[in-house]
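The next block holds one structure in the form of structure tokens; read it before the comments.
The values are calculated or read from the model by the stated rules, or taken from the named source; none is laboratory data. Quick caveat, the model's predicted, so the values are computed rather than measured. So basically every Cβ, Gly included, is an ideal-geometry build from the backbone, and we count neighbours across all protein chains shown.
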């Protein structure tokens with residue numbers, strides 16, 4: 001749909017299938033502080049089923065889950 005997205009991989013298998021990308025392992029809370037405004041997360045783009053996930057509200061959900 002044209003929304004800019006940051007690729008995120010939940011397993012090394014999917015990351016390596018994407019090719020030679022620079023990567024870093026981060027907790028989700030840290031990742032969310034680095035995502036530029038207006039960007040979504042593109043989860044496992046090389047998996048049989050990838051997902052574009054809006055970032056709005058994710059930090060709130062993480063805080064609720066930690067409580």
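Taking the stretch 50-67 as the range and being under 21 Å from residue 2 (Cα atoms), in contact (Cβ under 8 Å) with a residue 12 or more places away in the chain and either assigned to a loop (DSSP other than H, G, I, E, B) or more than 9 Å from the chain's Cα centre (by Cα) (or both) as the test, the residues that pass are 54, 55, 58.
Filtering the stretch 15-27 to residues that are in contact (Cβ under 8 Å) with a residue 12 or more places away in the chain and either touching a strand residue (DSSP E or B) at 6+ places or on another chain (Cβ under 7 Å) or closer than 19 Å to residue 4 by Cβ (or both) leaves 18, 21, 23. Number of residues in the stretch 32-49 that are part of a strand (DSSP E or B) and closer than 8 Å to residue 6 by Cβ: the value is 3. For residue 26, the stated conditions hold: it is surrounded by 10 or more Cβ atoms within 10 Å (Cβ to Cβ), in a loop (DSSP other than H, G, I, E, B) and modelled with pLDDT under 95.
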